[in-house]
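Note sheet for the following structure.
The values are calculated or read from the model by the stated rules, or taken from the named source; none is laboratory data. Quick caveat: nothing in here was measured; it's all calculated off a predicted structure. When we count neighbours, we look across all protein chains shown, and the Cβ atoms used for this are built from the backbone with ideal geometry, even at glycine. Calculation scope for accessible area: heavy atoms of the full protein, side chains included, ligands and nucleic acids excluded. Shrake-Rupley method; radii C 1.70, N 1.55, O 1.52, S 1.80 Å.
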Protein chains: 2
Amino acid sequence: MVIIVVKRYDSEKIQELIYNIYKAYGFTEEESQEVAHMLIYTDLIGIESHGVQRMIMYDDFIRNGKIRVHNKPEIVKETDVSAVVDAHFGLGQLNGIYSMKLAIKKAKEHGIGMVTTRRSGHYGIAGYYANMAAEEGLIGMSSCNSRPAMLPTHATKALVGTNPIAFAMPAKPNTFIFDAATTTVPQGKIEVYRKLGKDLPALWVAKDGETPVNDHNDSVDLDLLRDPNANVGLAPLGGVTEDTGSHKGFGLGVIVEVFTSILSMGNTSSEITPDDLSVGPCQSFTAIDPSIFGDKDAIINKFSNYLQEIRDLPSVPGKPVIVAGDKEATAYKDRSNNGIEIDDKTLAEVEGIADRLGVSYEQFVK
Amino acid sequence: MVIIVVKRYDSEKIQELIYNIYKAYGFTEEESQEVAHMLIYTDLIGIESHGVQRMIMYDDFIRNGKIRVHNKPEIVKETDVSAVVDAHFGLGQLNGIYSMKLAIKKAKEHGIGMVTTRRSGHYGIAGYYANMAAEEGLIGMSSCNSRPAMLPTHATKALVGTNPIAFAMPAKPNTFIFDAATTTVPQGKIEVYRKLGKDLPALWVAKDGETPVNDHNDSVDLDLLRDPNANVGLAPLGGVTEDTGSHKGFGLGVIVEVFTSILSMGNTSSEITPDDLSVGPCQSFTAIDPSIFGDKDAIINKFSNYLQEIRDLPSVPGKPVIVAGDKEATAYKDRSNNGIEIDDKTLAEVEGIADRLGVSYEQFVK
C-alpha cells in the first residue's frame, strides 16, 4: 500500500500553471484558457480523479499523437437545431466546449440544439458541458462513449462503454447537476479503491457475467478490466441480473451510444481501443431553452421548490437526502476558499511535464 | 393464495370488444379505435399488467370523473420544435397519442419535436408512444410522472414517482424499445409477485429508508406502498445506497419530472394523489429525425450492427444477451398468432363493464 499525501493548493495559481503548460504544448491562448478552466472546475467541485490528475494521461496522448494539438473541430452537417462535428482527434475538452457552445447558440436561436461529435478524445467530466448550458439559463445534457467497459446483462465480456449521462438545469440555491456513468461506478472508482487498499463494497466488477469481484488484492481480475477480451467487466447500473435492474443500466448505456457514436457515424464503443490512433470516442451535447415551454423564472422556481421538498424529506439518521449538484456546490465553495486537493504523486508528475516543456513551476505551487 | 386461470384470446376480437366498450362510454369512433389499439398492442408485446387489465382501473376513473370522457387536449404554447399541451384530464392514452403525433409532426418538419403534457391521466406503457415515432422512422422518447412511489436516496418517505423513461429507434431485425421505470421495478411488479405468492427476489421495496421488505406475506408494509405518508417506498434503480448507485436512479427520476411536470408547469409527483380529481400526471414526448444528422439508412444499419455485436457476445450458460425490444418482438409474434393472455378474473370484470354499458360480449370471447 502506497502512502499518498494530499495538500491544498490555490486554484487560481494552478489554473495559471495549466494554462502555461497547454500554451507550451502549442495550443492557442484561448484554447489553453479553456482547458485550464475546465480542469480546475473539475477539481473545484471535488472530482479529483478527472481534474489536474488527468493532465498526465493527456500528456501521454499528446506525445504519442493520439491528441493532435493543432487540429480543430469542424461542422460536417448542420440544421437550425442540430449539427454533426468531426473533431479530427483534437483535445477532447476543446471539442466539448466547441460543441456545447454550438448547441447553446442553436438553443438560444431556435429553442433546442443537439450536437453529436465524432473522432473526439477523452473530454473529462460530462457534467462540465451540461453545466455550460445551465450557466446560460438553459437545460444542458452531455454524454460520451468509451472503450468497452460495461458487461451487457448476462454477457461475460464487456462491450458497451461506461457511457455517462449528464444533465444540468438552473435551480436555487444550487444548479441541479446530474452526472453518472451508466455502469454502477466508473472505471476510476475502482482505481481509487485499489489505491486506498479498500475492498469494493458492492457489485461493481463481475467475472464470467455474474460472479462479483470485490477483493482489492485480486490484481489479476482487476487488471483485466483494461482488457476488452477478458471475462471481467463493470456491472451496469442495476447490477448483473434482471431482478436488480441490470437491463436498465445496460439499455441506458446503449441509448448513450445512439446519441454519441450512432448519430455521428463515429466509432462505437466496440471499435475503441486506447492504442489505436485512428479511432476516438464520440460525444453528444444538447441545450434546451426552458422559455420555449413557459416563463423561465416560473419554471426554475417550480423546479427549485420541488428539489427543496425532496431535501426536506425525513431520512435515515445521519444521512440527509442530497440532491444532485448539492455536494458539488459545497465542494466548490470549500475549494475556492481553501484550495483544491492535489496528491504529491500527481503534483510531481505535473512538475515533470512543466520541466520538460520549459514552463516555470515554482511560482504557482507553494 | 388465489388460483388464477390464464387463457389465450384472439387479439382482433378483443380489440373490437374494447372499441365497442369505449364507444359506449361516449368516446368518438377514432378515439375508441386509438384506445383499443394501444391496449391490445400492450398485451401483444406481453405486458399484461398494462393492457386489457387496466380497463378496470380506467372504468373506475371514468365513473368517478377522474377521466373526463369528452375533454380534448389543447395546445397552450407552441414553437416550431416544442409544445405544451393541457390535457384537461381526458383519457391518458388519447392525450399521449395526440401529443406524440404533434411531436412527430414537428420532427418531420423541423428535425426535433418536444411536447410536454400536463393534467393528463394514466397513459399505460410509455414505450407505446416512443414506438409511434419509431414506426415513422424517427427516434421516439416518452416519460411520465406519477404519485409519490420512489424513495429518494436515504429518504424514509417516497416522493418521486416511478417515472419511466422510454426510448425507441428503428433497427433490424427488431425496433430497439427501452421502457423502464426509474425505480428498480414498477409498482405493478410488486402486485404480480403478491398475487403469485412469491417473495420479492431483490431490494424492490424498503422500509425506513434502507430495510428491505421481501416477504410477500408482509401485507402491512406492502399495502403501505399506496400510502404517500408511510415509511415504505420503492427503491430507485440502483437500490437504496450510494454504493449500489441509488442516487443515479433517483436523479434519473428527477430528470423525468423536469420533462413532464416542471416544463409543463403541471403537477409534480409530490402533488399527485389518486383521489384528488383536480390533479393529474404529466407526460413528455420527443421525436427526433435521424436524417438531420446523416443518412437515415446508414445510421439505422450502423445501429443494427452494433446491437447484433451485443447479441453475439459470449454469455452466462443458458442466459443469452437480450437487447431491449427483442422480448417484445418475440411476444408480439407469438400472441398475434396464438392469442393474447387474459386471466379469468380480468375477463369477468371486463364482462361486467360490457354488461353495464349494454355492449354485446359473447361474440368476441370464446
Check: Quick one: would you say B:M100 is open to solvent by 10 Å² or more (accessible area, probe 1.4 Å), more than 14 Å from chain A (Cβ to nearest Cβ) and either on the phi > 0 side of the Ramachandran plot or touching a helix residue (DSSP H, G or I) at 6+ places or on another chain (Cβ under 7 Å) (or both)?
Finding: no
Note to self: Let me spell it out: the conditions are (1) more than 18 Å from the chain's Cα centre (by Cα); (2) touching a residue at least 24 places away in the same chain (Cβ under 8 Å); (3) in a helix (DSSP H, G or I), and B:V254 meets all of them except one. Which number is the exception?
What the structure shows: (1)
Margin query: What are the pairs with Cβ atoms under 6 angstrom where one residue, in the stretch A:216-229, is closer than 18 Å to A:V185 by Cβ and the other, located anywhere, is part of a helix (DSSP H, G or I)? Sequence gap at least six, or different chains.
Written below: A:H216/A:Y193; A:H216/A:R194
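Per-residue answers, yes or no, for (1) open to solvent by 10 Å² or more (accessible area, probe 1.4 Å); (2) among the acidic types (D, E); (3) farther than 26 Å from A:S143 by Cα:
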{"site": "A:A181", "(1), (2), (3)": "yes, no, no"}
{"site": "A:I190", "(1), (2), (3)": "no, no, no"}
{"site": "A:G197", "(1), (2), (3)": "yes, no, yes"}
{"site": "A:E210", "(1), (2), (3)": "yes, yes, yes"}
{"site": "A:V220", "(1), (2), (3)": "yes, no, yes"}
{"site": "A:L224", "(1), (2), (3)": "yes, no, no"}
{"site": "A:L237", "(1), (2), (3)": "no, no, no"}
Notebook entry, point to check: Taking the stretch A:161-176, which residues are open to solvent by 20 Å² or more (accessible area, probe 1.4 Å), more than 11 Å from the chain's Cα centre (by Cα) and hydrophobic (A, V, I, L, M, F, W, C)?
Noted result: none
Checklist line | Number of positions in the stretch B:12-39 that are within 21 Å of B:K366 (Cα to Cα) and small (G, A, S) | finding: 1
Item checked: Number of positions in the stretch B:1-27 that are touching a strand residue (DSSP E or B) at 6+ places or on another chain (Cβ under 7 Å), aliphatic (A, V, I, L, M) and assigned to a helix (DSSP H, G or I) -> 1
Note to self: Take the conditions farther than 25 Å from B:D344 by Cα and over 19 Å from the mean Cα position of the chain (by Cα) and apply them to B:E74. Does it pass?
What the structure shows: yes
Next item on the list: Among the numbered conditions (1) within 11 Å of chain B (Cβ to nearest Cβ); (2) in contact with a Pro (Cβ under 6 Å, 6 or more places away or on another chain), tell me where A:A87 comes up short.
Entry: (1)
Checklist line | Residue count for the stretch B:198-236, restricted to those that are over 25 Å from the mean Cα position of the chain (by Cα), within 11 Å of chain A (Cβ to nearest Cβ) and part of a loop (DSSP other than H, G, I, E, B) | finding: 4
Checklist line | the stretch A:62-84, residues that are within 14 Å of chain B (Cβ to nearest Cβ), small (G, A, S) and surrounded by fewer than 23 Cβ atoms within 10 Å (Cβ to Cβ) | finding: none
Checklist line | the stretch B:255-275, residues that are more than 7 Å from chain A (Cβ to nearest Cβ) and among the hydrophobic types (A, V, I, L, M, F, W, C) | finding: B:V256, B:F259, B:I272
Note to self: Checking the structure you have, find out if any residue of the stretch A:326-345 is in contact with a Gly (Cβ under 9 Å, 6 or more places away or on another chain), facing another protein chain (nearest Cβ under 8 Å), among the β-branched types (V, I, T) and in contact (Cβ under 8 Å) with a residue 12 or more places away in the chain.
What the structure shows: no
Notebook entry, point to check: When you scan the stretch A:33-47, how many residues do you find that are within 13 Å of A:D334 (Cβ to Cβ) and not β-branched (V, I, T)?
Noted result: 3
Note to self: Against the condition within 8 Å of chain B (Cβ to nearest Cβ) and charged (D, E, K, R), how does A:E242 come out, does it pass?
What the structure shows: no
Item checked: Residue within the stretch A:320-337 that is surrounded by fewer than 19 Cβ atoms within 10 Å (Cβ to Cβ), modelled with pLDDT under 95 and more than 30 Å from B:A230 (Cβ to Cβ) present -> no
Next item on the list: Please indicate, with yes or no, whether at least one residue in the stretch B:305-317 is within 27 Å of A:A158 (Cα to Cα), of a type in the set (S, T, Y), facing chain A (nearest Cβ under 8 Å) and outside any loop (DSSP other than H, G, I, E, B).
Entry: yes
Next item on the list: Would you point out the residue of the stretch A:27-61, among those that are of a type in the set (S, T, N, Q) and either surrounded by fewer than 19 Cβ atoms within 10 Å (Cβ to Cβ) or touching a Cys at 6+ places or on another chain (Cβ under 8 Å) (or both), that is farthest from A:K189 (Cα to Cα)?
Entry: A:T28
Notebook entry, point to check: Here are A:T162, A:T184: which of them is away from chain B (no Cβ under 11 Å), of a type in the set (S, T, Y) and in contact (Cβ under 8 Å) with a residue 24 or more places away in the chain?
Noted result: A:T162
Margin query: Being touching a helix residue (DSSP H, G or I) at 6+ places or on another chain (Cβ under 7 Å) and over 22 Å from B:G124 (Cα atoms) narrows it down to one residue among B:D289, B:D355; which is it?
Written below: B:D289
Item checked: Sole residue being more than 22 Å from A:W204 (Cα to Cα), in contact with a helix residue (DSSP H, G or I) (Cβ under 7 Å, 6 or more places away or on another chain), charged (D, E, K, R) and assigned to a helix (DSSP H, G or I), chosen from B:R147, B:R194 -> B:R194
Notebook entry, point to check: Going through the stretch A:267-287 one residue at a time, which ones are open to solvent by 10 Å² or more (accessible area, probe 1.4 Å), of a type outside the set (D, E, K, R) and part of a loop (DSSP other than H, G, I, E, B)?
Noted result: A:N267, A:I272, A:T273, A:P274, A:L277, A:S278, A:V279, A:P281
